[in-house]
1. Step by step: first the residues of segment 138-167, then only those that are among the aliphatic types (A, V, I, L, M) and touching a residue at least 40 places away in the same chain (Cβ under 8 Å), then the one that is nearest to residue 111 (Cα to Cα). Which residue is that?
2. For the condition buried (at least 16 other Cβ atoms within 10 Å of the Cβ) and out of contact with any strand residue (DSSP E or B) (no Cβ under 7 Å at 6 or more places or on another chain), what is the one hit in 45, 69?
3. For residue 112, state whether it is closer than 20 Å to residue 179 by Cβ and out of contact with any helix residue (DSSP H, G or I) (no Cβ under 9 Å at 6 or more places or on another chain).
4. Any chance segment 11-25 includes a residue that's more than 15 Å from the chain's Cα centre (by Cα), assigned to a loop (DSSP other than H, G, I, E, B) and within 18 Å of residue 99 (Cβ to Cβ)?
5. Please specify each residue of segment 72-86 satisfying the condition of being surrounded by fewer than 20 Cβ atoms within 10 Å (Cβ to Cβ) and under 15 Å from residue 101 (Cα atoms).
6. How many of the residues making up segment 157-182 are exposed (fewer than 11 other Cβ atoms within 10 Å of the Cβ) and closer than 22 Å to residue 129 by Cα?
7. Sort out which residues of segment 65-78 are in contact (Cβ under 8 Å) with a residue 40 or more places away in the chain and not small (Gly, Ala, Ser), and write them in order of number.
8. Restricting to segment 26-67, and then to whatever is part of a helix (DSSP H, G or I), closer than 19 Å to residue 101 by Cβ and of a type in the set (Val, Ile, Thr), can you tell me which residue is modelled with the highest pLDDT?
Amino acid sequence: MIGEQFQQLLSPRLVLRQFTAQDLPTFCRYRSNPEVARYQSWDGFTEADGTRFLTEQLQLHPGMPGTWFQFAFELRSTRELVGDGAVHSLSGESKQVEIGFTLAPAHRGRGYATEGVACLLDYIFTGLDRHRTFALIDTRNLSAVALVERLGMRREGCLVENAWFKGEWTSEYVYAILQNEWLKK
């Protein structure tokens, strides 16, 4: 079950909440899109993958060490699932988290991902009281790079050909922001 301290997060146009079974058809559809999966760890995303995902997620809560907690990004106006964001609470490291995000292609270009990730950062730094948040981004994923830079995350480095990913060596940027930096914004 989800922790008592978390019910949902609200931004001007989005509700960030735990996934439900009703989300699975849309979630599996956009996750299995090759354009969405290009820079992600999966290639396809079946209904069985979605069911496993939901079963695992229902056992988690944000901030649980060693886990990725996924937040559904739902439009407040239509209740439509448009994407998701994730918080990876590191094992044994209670003050740092990693973030990730995906958006359904039909909803790109409207600022939903930026708004959703900003809402996550607010929650990470105020609700979870974390010191540092970082993101590892494939250097070819220019839209994700632009998003984190818009939010004021700083590029701390480039890990050159550090990952064997989908049949090739790839490089990743490390972006981060500190709690005091985010709260000054």
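1. The initial filter retains those residues of segment 138-167 that are among the aliphatic types (A, V, I, L, M), namely 142, 144-148, 151, 153, 159-160, 163.
Adding the requirement that they be touching a residue at least 40 places away in the same chain (Cβ under 8 Å) leaves 144, 147.
Numbers: 144: 12, 147: 9 Å.
Among those that are among the aliphatic types (A, V, I, L, M) and touching a residue at least 40 places away in the same chain (Cβ under 8 Å), it is 147.
2. Details: 69 fails: out of contact with any strand residue (DSSP E or B) (no Cβ under 7 Å at 6 or more places or on another chain).
None of the other options fit; the residue is 45.
3. Here the answer is no, as residue 112 does not meet what is asked.
4. Start the filter on segment 11-25 by keeping residues that are more than 15 Å from the chain's Cα centre (by Cα), which leaves 11-13, 20-25.
This time we only want the ones that are assigned to a loop (DSSP other than H, G, I, E, B), so: 11-13, 20.
Now narrow it down to the ones that are within 18 Å of residue 99 (Cβ to Cβ): 11.
For segment 11-25, residues more than 15 Å from the chain's Cα centre (by Cα), assigned to a loop (DSSP other than H, G, I, E, B) and within 18 Å of residue 99 (Cβ to Cβ): present.
5. Let us first name the residues in segment 72-86 that are surrounded by fewer than 20 Cβ atoms within 10 Å (Cβ to Cβ), namely 75-80, 86.
Answer for segment 72-86, where residues must be surrounded by fewer than 20 Cβ atoms within 10 Å (Cβ to Cβ) and under 15 Å from residue 101 (Cα atoms): just 86.
6. The number of residues fulfilling the criteria is 1.
7. First, pick out the residues of segment 65-78 that are in contact (Cβ under 8 Å) with a residue 40 or more places away in the chain: 70-77.
Once the filter is applied, which keeps residues that are in contact (Cβ under 8 Å) with a residue 40 or more places away in the chain and not small (Gly, Ala, Ser), segment 65-78 yields 70, 71, 73, 74, 75, 76.
8. As a first pass, look at segment 26-67 and keep what is part of a helix (DSSP H, G or I): 26-31, 34-37, 47-57.
From what's left, closer than 19 Å to residue 101 by Cβ: 26-31, 34-37, 49-50, 53-54, 56-57.
Those left that are additionally of a type in the set (Val, Ile, Thr): 26, 36.
Details: 26: 94, 36: 78.
By that ranking, first place goes to 26.
The values are calculated or read from the model by the stated rules, or taken from the named source; none is laboratory data. On a predicted model such as this, the values are computed, not experimentally measured, just so you know. A quick note on method: Cβ atoms are made from the backbone with ideal geometry, for glycine too, and the neighbour counts reach across all protein chains shown.
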